[in-house]
Amino acid sequence: MSGNSFVIAPLSPQEKISVAIDGLHASRTTVISKSTASDHLSMITIHVHEHGLSPDDLSKTIDILTRPSSLKKSQALQLLKLLYPREKIDDDIVIRIVGCLGVGQGKADQLVQVCLLRWLVLIQPFLKSQKILSKVYQILFMHLSYESTRQWIAHLLFLATKRHDIRPWRIQYLLEMQNKYRESQHLTGLLLLYKEYFPEIVIDRFAKLRGALFRYPDPQFLSVIREVHARANSLSGAVPSFPRDGLRNLKRRKLNIPEMVTLDVSAKSVTVEELSTLASFAKNIDRVSLPAQVGSVLRDDGMVKRILVNRPSQRAWARLNTWIASSLREELEDAEENGNRGEGLLGELLARSYDLCLYTKELLISVEDFLCIYLPRWDGVRHRSTVFKLLLLMPLRRWEIIDRDITSPLTAIFQKDTENWSFRYDYLVFLEDLLRSYSVRCGKVPSYGRDGEVDGLSHAEAVKTMSSLFAHWESMFKKVSYSDPGATEIQGASLYMYDVVQMYVNR
């Protein structure tokens, strides 16, 4: 080897990707063979899952896919599966994809359009500016008429919609489209989103919606993107610029509590909306009509609650329990499907239900049944205060029922997370409060004694419940380390709890 010779350094993986994409990009101006294109695609496939595409490589790739080229359709679809951006997406990428939609000369193949729109949904959390979707909102909206791309157009509109995007003519257009395509899940889902902003929108008929509508379509893609970004940022020393969760929750809703509207009112009746003072309520209590949807009591300032309590109606309470049971079940399903966002709505509904139960001083049967379903799935963290406050309103039950429905699932949480002192402390305090609550209930029954009853329980059953509950409290307390914060306060309550139980055992 001569002294003037030199060694060519091998290409890095990123450079190999760039060379392969340049080779494919040549298909826009010249014809490249199928085998040459396959070699380039193989090179990209080998490295892209680890290193991703640089902004320049991504731009060239979008150029290949959105403009006429000699690349075969099957190879274009293969290339579409390799679009893993290394950095945030420029607005120009979105504009070029939206510009290739439709039919006619110079437009991308229909199947390629579908895949590009799906890719936009996938990378939406990683756009440099979310405002770009608002800027192309009108163009996307007008492409809803194309059945082949409607699913992903509707999904993008769902993600981009703000109040100012909802115009009367758009509502009318969607209603006409929904009437024409009755079974379209995505048109109905978009209309329901519009209805959340403007409840007065009347939808004559709904297609039955599936729970997966508008959910993130490919969690595996998200996992690869996270790995690419983590590796790229660790190599460059930059701080990752993407949120840790990678995307926001895609099912955006607010708690759907009915408006307080009274229908079918006779000339002699008075509506709740007309009652503004307690005096007017007292004067018209026999003539006032309940709202059309009794579930509106959860958004009530007090008038509907007063009617339900002071003019009790078995039918009205049955309707209310049915509505609350259905709503709690739906919000639980939504929370399990959609994580934190759904949990927030469930927490709000539980809090509103507690306000109603506190007003009536009784736990609604619908809420009690829901808690029996919810506690075995509960993590002991979310809505803890509300859950414990609701359980304190539970009637005195036989110990077997309390143990099955309440203490067993809560004990499982207590024993599972031994480091979670916060829950352990709150659970022990809850048990104390429950014993106090039961003792007060027994004390309010004048005839309570050996032959008396409370909440339908005989003296012997009530004593067994309270004794067993106290024994459970003691067993839980013994599992708490004396060095744990709050242990002294709980220990000080032990004597009081013992005296409470003994008082009713010997009564």
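Accessible surface of SER385, taken over heavy atoms with a 1.4 Å probe and every protein chain present, rounds to 80 Å². Once you order the gyration tensor axes a ≥ b ≥ c over the Cα atoms, which shape class does segment 56-175 get: rounded for a/c under 1.5, otherwise prolate or oblate by comparing a/b with b/c? Oblate shape, in that a/c is at least 1.5 and b/c is the bigger or equal ratio. Exceeding 18 Å between C-alpha atoms, which entries from my cross-link table qualify? They are LYS131/LYS162; LYS73/LYS107; LYS88/LYS162. Correct reply: LYS88/LYS162. Counting heavy atoms of the protein chains alone, GLU15 has an accessible area of about 90 Å² for a 1.4 Å probe. Distant-in-sequence amide contacts of LEU127, defined by a placed amide H-H separation under 5 Å and a gap of 5 or more residues or a different chain, comprise ILE89. Over all other residues within a Cβ to Cβ distance under 15 Å of LYS34, the charged ones net out to +1, with Lys and Arg as +1 and Asp and Glu as -1. Accessible area of CYS372 (1.4 Å probe, protein heavy atoms only, ligands and nucleic acids ignored): about 40 Å².
Taking a straight line from the alpha carbon of LYS464, these lysines sit under 29 Å away, with near neighbours fewer than eight places off in the same chain left out: LYS361, LYS389, LYS416, LYS444, LYS478, LYS479.
Please say if segment 85-127 is rounded, prolate or oblate, where rounded means a/c under 1.5 for a ≥ b ≥ c the square roots of the C-alpha gyration tensor eigenvalues, and otherwise the choice is prolate for a/b larger than b/c and oblate otherwise? Judged from the Cα gyration tensor, segment 85-127 comes out prolate (a/c at least 1.5, a/b above b/c). Fully extending the segment from SER70 to ASP433 would add 123.1 nm, taking 0.36 nm per residue of separation and subtracting the current Cα-Cα distance. Residue order by solvent-accessible surface for HIS229, HIS49, HIS186 is HIS49, HIS186, HIS229, largest first, with ligands and nucleic acids left out and a 1.4 Å probe.
The values are calculated or read from the model by the stated rules, or taken from the named source; none is laboratory data. Fair warning: this is a prediction, and the values are worked out from it, not measured in the lab. Positions of Cβ are backbone-derived with ideal geometry, glycine not excepted, and every protein chain shown enters the neighbour counts. Accessible surface is based on the protein model in full, side chains and every heavy atom, while ligands, DNA and RNA are left aside. Shrake-Rupley method; radii C 1.70, N 1.55, O 1.52, S 1.80 Å.
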